[in-house]
1. Against the conditions (1) buried (at least 17 other Cβ atoms within 10 Å of the Cβ); (2) modelled with pLDDT under 80; (3) in contact with a Pro (Cβ under 7 Å, 6 or more places away or on another chain), where does C87 fall short? Just the number, please.
2. What number of residues within segment 16-43 satisfy the criterion of being crowded, with 23+ Cβ neighbours inside 10 Å and among the polar types (S, T, N, Q)?
3. Among the numbered criteria (1) modelled with pLDDT under 90; (2) more than 22 Å from the chain's Cα centre (by Cα); (3) surrounded by fewer than 18 Cβ atoms within 10 Å (Cβ to Cβ), which single criterion is violated by I225?
4. Among (1) more than 29 Å from H41 (Cα to Cα); (2) crowded, with 21+ Cβ neighbours inside 10 Å; (3) at pLDDT 90 or above, which single condition is G210 missing?
5. Starting from residues that are under 19 Å from F216 (Cβ atoms) and β-branched (V, I, T), keep the ones in segment 53-81 and report whichever is farthest from the chain's Cα centre (by Cα).
6. Pull out all pairs, ordered by first then second residue, where Cβ-Cβ is under 6 Å, the residues are six or more apart or on different chains, the first lies in segment 74-99 and is free of Cβ contacts under 8 Å to residues at least 12 places away in the same chain, and the second is in a helix (DSSP H, G or I) and of a type in the set (S, T, Y).
7. Taking only segment 1-49 into account, find how many residues are within 30 Å of K180 (Cα to Cα) and of a type outside the set (V, I, T).
8. Identify all residues within segment 100-117 that are in a helix (DSSP H, G or I) and either within 22 Å of A28 (Cβ to Cβ) or in contact with a strand residue (DSSP E or B) (Cβ under 8 Å, 6 or more places away or on another chain) (or both); write none if there are none.
Amino acid sequence: MIKQILQGMVVGIANIIPGVSGGTMMVAMGLYDRLIHAITHLKSELKESLKLLIPIFAGAGIAIVALSRIFEFLLATYPIPTNFAFCGLIAGSLPFILKKVKGHKVTVGKIIPFLIFFGVVIFMALLGETGGSSADVSFGLINVIKLFGVGIVAAATMVVPGVSGSMMLMLLGYYDTILKVINDFVDALVKFDMGGLAAGVGVLAPFGVGVVIGIFLIAKLIEFIFSKAEIHAYYGIIGLILASPIAILLKTDWSGVSVLMLLIGVATFALGWFTASKLGGE
């Protein structure tokens, strides 16, 4: 239970950071297959599915609420060591995912999904940040529908390995807004500010419903793909995983680079790799 909550926290933290994939972190920790199965078989295997889903989602929720400010600070103040740590977490997933394709002959048909998904992640990273433009989330029917739709898109991209849900939110112009609403909601909860709580619910409720629906929709699609072409799908995931550290480093603010920062970055990379090795596996 404790390990699963910690795994959920890693996924939650990953989904806060633009360029970092929560789906990749699930693969890194050996969670991905089991989580997709638990979501798609929630009705037929309710008890077993909830035993996995509750601690994972609880951990992710705790991380997003409790650590969003900390990681905002770390990324703003120490971007190089922080991003190197995430690169280490992602790179540490490779031994686990390579076991999935061990013994299968490499063919052109398997290389194609690898190259396609590698290219998709790099292309997304090169699109550039648009986080400066915050979306209008004032209460109204149109904005509720927009938030619901954004939640679906965000959830879909959060689940797919190698694709950053927070980067997608940034590209849509909702990243800063959603993060601010979460932080303001927590502040209102601490202060028992009913007006602030109502304002937060008005944004987070439609977004959250969209996220839940998006997760179930994409999980069904992913399960179908794995049932038809499992090894090809894993080659695609390997492409996503190998491209993710490159995408993160392309997004990193290198203005404060120094020998000391690089050395600290190497240390945090090793710490990330070690963490992935301990949290990984079945």
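The values are calculated or read from the model by the stated rules, or taken from the named source; none is laboratory data. Model, not experiment: these values are computed from the prediction. FYI the Cβ positions are ideal-geometry reconstructions off the backbone, even for glycines, and counts take in every protein chain you see.
1. Of (1) buried (at least 17 other Cβ atoms within 10 Å of the Cβ); (2) modelled with pLDDT under 80; (3) in contact with a Pro (Cβ under 7 Å, 6 or more places away or on another chain), only one is false for C87: (2).
2. 2
3. (2)
4. Going through (1) more than 29 Å from H41 (Cα to Cα); (2) crowded, with 21+ Cβ neighbours inside 10 Å; (3) at pLDDT 90 or above one by one, G210 breaks only (1).
5. I54
6. Once the first residue is free of Cβ contacts under 8 Å to residues at least 12 places away in the same chain and sits in segment 74-99, its partners that are in a helix (DSSP H, G or I) and of a type in the set (S, T, Y) give L74/T82.
7. Applying the first criterion (within 30 Å of K180 (Cα to Cα)) to segment 1-49 yields 2-29, 31-32, 35-36, 39.
Now drop any that are not of a type outside the set (V, I, T), which leaves 3-4, 6-9, 12, 14-15, 18-19, 21-23, 25-26, 28-29, 31-32, 35.
Of the residues in segment 1-49, 21 are within 30 Å of K180 (Cα to Cα) and of a type outside the set (V, I, T).
8. First, pick out the residues of segment 100-117 that are in a helix (DSSP H, G or I): 100-101, 108-117.
Passing the criteria: K100, V101, K110, P113, F114, L115, I116, F117.
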